[in-house]
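Please treat every number below as a calculation from the coordinates, not as lab data. Fair warning: this is a prediction, and the values are worked out from it, not measured in the lab. No Cβ is skipped: glycine too gets one built from the backbone with ideal geometry, and neighbour counts run over all protein chains shown.
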Amino acid sequence: MRANAVLFWVLCAFFVVETVLYAAWGWWSRANVEWTGTVAMALCAVLSALVAFYLMHAARQLPRLPQDHREAEPDADDGEVGQFSPHSWWPVLLGASGFLLFFGLATEIWISFIGAAVGVVCLVGWVFEYYRGHFAR
């Protein structure tokens, strides 16, 4: 965790330097600062500083993890990764329904209703995948 915090502090320093250079370049080339990009990069610096501060604080509160030790073996922290649905088509169909939903927002609203309906069916199918069919328990 401490290594991640250091990376975010480096990222924060990079954004601070880039913000200053961007504002100075705008002032030098056009005699005014381009505020949208300057504020956006400054907010990126603030966001990375917030994440780095949280990670530093959390690293002090938690015990050291096996992956934090330099001499640790790769399999020192083999744990449960999660349960994944084998051969499941529901996530693909749910992504397609999301595409229909947002495509309908961009073109015609009635396509969004079809995408939302298909999305509800796909979400219910994905949630109840292990209660029926080949992988029922």
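Only residues in region 42-64 that are on the phi > 0 side of the Ramachandran plot and in contact (Cβ under 8 Å) with a residue 24 or more places away in the chain count as the first member; pair them with residues that are surrounded by fewer than 16 Cβ atoms within 10 Å (Cβ to Cβ) and part of a helix (DSSP H, G or I), Cβ under 9 angstrom, at least 6 apart or cross-chain, and list the lot.
Taking only residues 6 or more apart or on different chains, not a single pair turns up.
Restricting to region 15-41, name every residue that is of a type in the set (Phe, Trp, Tyr) and in contact (Cβ under 8 Å) with a residue 24 or more places away in the chain. Please lay out each step first, then the result.
First, the residues of region 15-41 that are of a type in the set (Phe, Trp, Tyr): 15, 22, 25, 27-28, 35.
If the condition is that a residue be of a type in the set (Phe, Trp, Tyr) and in contact (Cβ under 8 Å) with a residue 24 or more places away in the chain, then Phe15 is the only one that fits.
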